[in-house]
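This is the structure, below, for whatever I ask next.
The values are calculated or read from the model by the stated rules, or taken from the named source; none is laboratory data. Predicted model only: the values in this text are computed from it and were never measured. Here Cβ is always computed from backbone atoms with ideal geometry, including for glycine, and neighbour counts include all displayed protein chains.
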Number of protein chains: 2
Amino acid sequence: MSERFVVVGGDAAGMSAAAKARREDPEREVVVLERGEWVSYGACGIPYYVRGRIPDVDDLVVTEPEKLVGKYGIDLRRHHEAVAVDPADRTVTVDAADGRYDLEYADLLLATGGSGADLDVPGEDLDGVFTIRSLEEGRALREYLQPGESHHPGAELPLGGEFQDHLHGAVERVAVVGANKIGLELVAAFDARGLDVHLVDDGEHVFESGPLTLPSFGAAAAGVVEEHLRERGVTLHLDAPVERFAGEDGRVTAIESARGRVPADAVLVDEGVQPNVELAADAGIDLGPTGAVAVDDYGRTSADGVYAAGDCAEKHHLVLDRPVHLPLGLAANRGGRAVGTTVTGTPTRQGPVVGTVTMKVFDLEVASSGVLNPEEARSAGFDPVVETVSTISRAHYYPGWSRITVEMVADRETGRLLGAGLVGKEGCAHRVNAVATALHAGMTVGEVADLDLGYSPPFGPGWDPLLTAAKALSGDLD
Amino acid sequence: MSERFVVVGGDAAGMSAAAKARREDPEREVVVLERGEWVSYGACGIPYYVRGRIPDVDDLVVTEPEKLVGKYGIDLRRHHEAVAVDPADRTVTVDAADGRYDLEYADLLLATGGSGADLDVPGEDLDGVFTIRSLEEGRALREYLQPGESHHPGAELPLGGEFQDHLHGAVERVAVVGANKIGLELVAAFDARGLDVHLVDDGEHVFESGPLTLPSFGAAAAGVVEEHLRERGVTLHLDAPVERFAGEDGRVTAIESARGRVPADAVLVDEGVQPNVELAADAGIDLGPTGAVAVDDYGRTSADGVYAAGDCAEKHHLVLDRPVHLPLGLAANRGGRAVGTTVTGTPTRQGPVVGTVTMKVFDLEVASSGVLNPEEARSAGFDPVVETVSTISRAHYYPGWSRITVEMVADRETGRLLGAGLVGKEGCAHRVNAVATALHAGMTVGEVADLDLGYSPPFGPGWDPLLTAAKALSGDLD
């Protein structure tokens, strides 16, 4: 039997697994099949690439292909697409430029990632309507905004030719559909490019569209973010489900929403991430309740010798105690790394998630960890109590302080911390890590209120904002 | 018997206790005896006051005296000094401008704070040699640097008259003795005032002078801080124990150290904080092994009805599992608050400390929590393993990243996290709170390595610096 470890997908989970397997067992044959051009890239950087802060798409690459091949000894096959898996025969069928071939494996990792979910409304196929999840899509969007800007001689650009046929007028007004993490990061990116930005969402407030979703940044953060967006000149169209996209000559010109028409030269749709599960599903591998590939703690799927990790796979949520689909970079890196270790002989758990997320929206840091949505908490059997406090980011006498708002949720009966969100101009993105740690430890809010956290005038008030929130919430539970 | 709750000392611990007792029991008589002018002030702000960023010493006050009296109904007696306690009779003897009197108490809190420790070398009583712990000292120092600058008509300044007799030349060169937290904050303050700053310490590196001290920021941070201090034009005199101060006309002119003479127009000595225990000791109340007042979890001293909290009292260190003297603001606030609750009928523990400290040294954030000093870890029965990693503060493709250095310590046998320190230009001060939380939870470094921390390109690399350190340290233990 072949000892080959085959990895499908060359981004965070796939490349982490491949590199780790080679480090653990330098004799092991490791093949990575990547259907596109880029491997080991930082998808989270795409909004910053679109903004123009990162000049070249190659800058997003974490580890150069040459290094993966040379230093790590990975058999990296770009523009090779896995089109079928036969778990009984332990083979994967691959399409490449020079034909189709079968590849045997001893262990297989499906790290096929996710795609931007569609809205499923008419007109979504018009030019100028984008979802964004891959570097190809990021580059196509930037090219659409400013033709020629993304030109990069070193890489094949599948969409380049297409856009050269559309020497359209400059984009001046852009609409983002979906007031979630990536959508809001792109709002800021578009604004930085001098565009007139409109945000369209079916929720009454940002962060609440769609079904129960992870992550939620909480109701308090929503209010602060909306105010900040308006201050920065973004036009908000809330409670406005998109009904169709209108266009001329094949190009989008407007969004038709339940609350009226929003003209737009380009549209970015962020309706969340859909796991790429076709390959697994076609092979008869079980999907979980979220629609992503079901895996155990070790990333093992229902098929012997087949693992899944990253945005295509479920993760176990420690607070909800159920599988979730949480397409975030750290979990992908960690899941891949665990599988790379497991397949080389040391069974390694990837560990549960608590759903820690941080983002920057213009001048705001927005961060949350755990469960902030009361409905979601109730679905997991908790009786959530929510407390919101507003405090300051530095000692009151230290110049330059700004507001920090903390929303914290606990279970009424046990006092267990369920989650917390923070929003403010400073001191939120890293502070949330203490929340994540407390969630991992299963602490009560009383225990959180007793934590010996740091204090220094430039960095916070005498009682850290998290302690103030935990004290208040603890008082509510008495 | 009187139900009076008497508090000696009107800063963080004392005022927290007084205010909390009145909130819990609005009928309770609460008397606060403060020997000075100011109450409820932020001593941690003194370095920023000396710098000049905070114009008026009154700005450091957290709660106005009028509010303490009016809103909280506290019987606040400023310029009343407790000079003796008789635990058998439950009376405290008070000196005030209009004479001496005895005050009965049901419960007594000693919140007498700490003082800047002396060096005990000749010449320390020269004008221009300062320690700094009280607002009076801070104001006297600022007045010495720039006569007239600290003038404030509303408050009595005990030292004001004295300095009016010394219309000396402007201070141009200043020396700080002691490369610890307050000393380094003052180095930056003096530099910001345009002074030529010299740092003199008997350790070979910053943070290591004196006996085993809490907090230590670690050896890695020491190197980074020294380099940064030199870049900013501070002259370092390390491994240079001070032998005496030299002066002319009663004013300091130079430090004589084992490595030579350091001319200085003013000197700030930061040799740590000495607990003010005279009142307790004279009353026969037990002191602990650190020299501070011994207390149990509730702040109770060896004398019935007498509590101690804040910088004069010991705290229980969770990692070392022994009493420590850790004069920090949060523990003082918390200790006072717990005593205020306890004396009104709800016994409340103040909780252990893990010694979390953060500071700003010029552009650097320096933070630590737990035990970083291997010798100190060994004294508590651990076999410390230390790992230091250097990583970056943002994603590699996100402009503006800088270095973050993390030093992490674990026990070899159990893998238990013992402490960690971080240093860098951003992302350190709040990140340390996750370390503090993990220490409270008694996590192993393996568990820390598995934490689901936040990730976003503006705020960190894909693997958080703490995870990178924990992974490396975890590998060392295998």
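Need at least 1 residues that are within 24 Å of residue A:339 (Cβ to Cβ) per element, so show me which strands (runs of 3 or more DSSP E) inside the stretch A:256-307 make the cut, counting only ones lying wholly within it.
Those strands (runs of 3 or more DSSP E) span A:273-275.
Yes/no per residue for (1) within 14 Å of another protein chain (Cβ to nearest Cβ); (2) among the charged types (D, E, K, R); (3) free of Cβ contacts under 8 Å to residues at least 60 places away in the same chain:
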site	(1), (2), (3)
A:5	no, no, no
A:18	no, no, no
A:67	yes, yes, yes
A:73	no, no, yes
A:100	no, yes, yes
A:121	no, no, no
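Something else: Listed residues A:270, A:265, A:282, A:297; which is farther than 22 Å from residue A:134 by Cβ and away from chain B (no Cβ under 14 Å)?
A:265
Could you list, in sequence order, the residues of the stretch B:84-120 that are aliphatic (A, V, I, L, M) and surrounded by 16 or more Cβ atoms within 10 Å (Cβ to Cβ)?
Correct list: B:85, B:92, B:94, B:103, B:108, B:109, B:110, B:111, B:117, B:119.
Quick one: count up the residues across the stretch A:338-360 that are surrounded by fewer than 23 Cβ atoms within 10 Å (Cβ to Cβ) and more than 9 Å from chain B (Cβ to nearest Cβ).
Here the count works out to 6.
Something else: Being facing chain A (nearest Cβ under 7 Å) and either closer than 14 Å to residue B:368 by Cα or of a type outside the set (Ser, Thr, Tyr) (or both): is that true of residue B:454 here?
So residue B:454 passes the test.
Mind checking which residues of the stretch A:439-451 are crowded, with 24+ Cβ neighbours inside 10 Å and either more than 7 Å from every other protein chain (Cβ to nearest Cβ) or part of a loop (DSSP other than H, G, I, E, B) (or both)?
Scanning the stretch A:439-451 gives A:439, A:445, A:448, A:451.
Within the bounds of the stretch B:388-395, is there any residue that is out of contact with any strand residue (DSSP E or B) (no Cβ under 8 Å at 6 or more places or on another chain) and in the same structural domain as residue B:372 (by TED's automatic domain parsing)?
Yes, the stretch B:388-395 has at least one match.
State whether one or more residues within the stretch B:183-190 are modelled with pLDDT under 90 and either closer than 24 Å to residue A:458 by Cβ or assigned to a helix (DSSP H, G or I) (or both).
So far as the stretch B:183-190 goes, no, none of its residues is modelled with pLDDT under 90 and either closer than 24 Å to residue A:458 by Cβ or assigned to a helix (DSSP H, G or I) (or both).
Considering each residue of the stretch A:464-478, count those that are facing chain B (nearest Cβ under 8 Å) and in contact (Cβ under 8 Å) with a residue 40 or more places away in the chain, and give that number.
Looking only at that region, the number is 1.
If you don't mind, there's one more thing I want to ask. Can you confirm whether residue B:222 is touching a Phe, Trp or Tyr at 6+ places or on another chain (Cβ under 7 Å), outside the structural domain of residue B:289 (by TED's automatic domain parsing), among the small types (Gly, Ala, Ser) and surrounded by 18 or more Cβ atoms within 10 Å (Cβ to Cβ)?
Here the answer is yes, as residue B:222 does meet what is asked.
Sticking with this structure for a sec: Condition first: within 14 Å of chain A (Cβ to nearest Cβ) and more than 17 Å from residue B:357 (Cβ to Cβ). Now tell me which residues in the stretch B:317-337 satisfy that.
Of everything in the stretch B:317-337, those that are within 14 Å of chain A (Cβ to nearest Cβ) and more than 17 Å from residue B:357 (Cβ to Cβ) turn out to be B:336, B:337.
Tell me the residue from A:436, A:429 that is in a helix (DSSP H, G or I), within 11 Å of chain B (Cβ to nearest Cβ) and at pLDDT 95 or above, please.
From the options A:436, A:429, the qualifying one is A:436.
If residue B:376 satisfies every condition in (1) surrounded by 21 or more Cβ atoms within 10 Å (Cβ to Cβ); (2) within 30 Å of residue B:189 (Cα to Cα); (3) within 23 Å of the chain's Cα centre (by Cα) but one, which is the exception?
The failed condition is (2).
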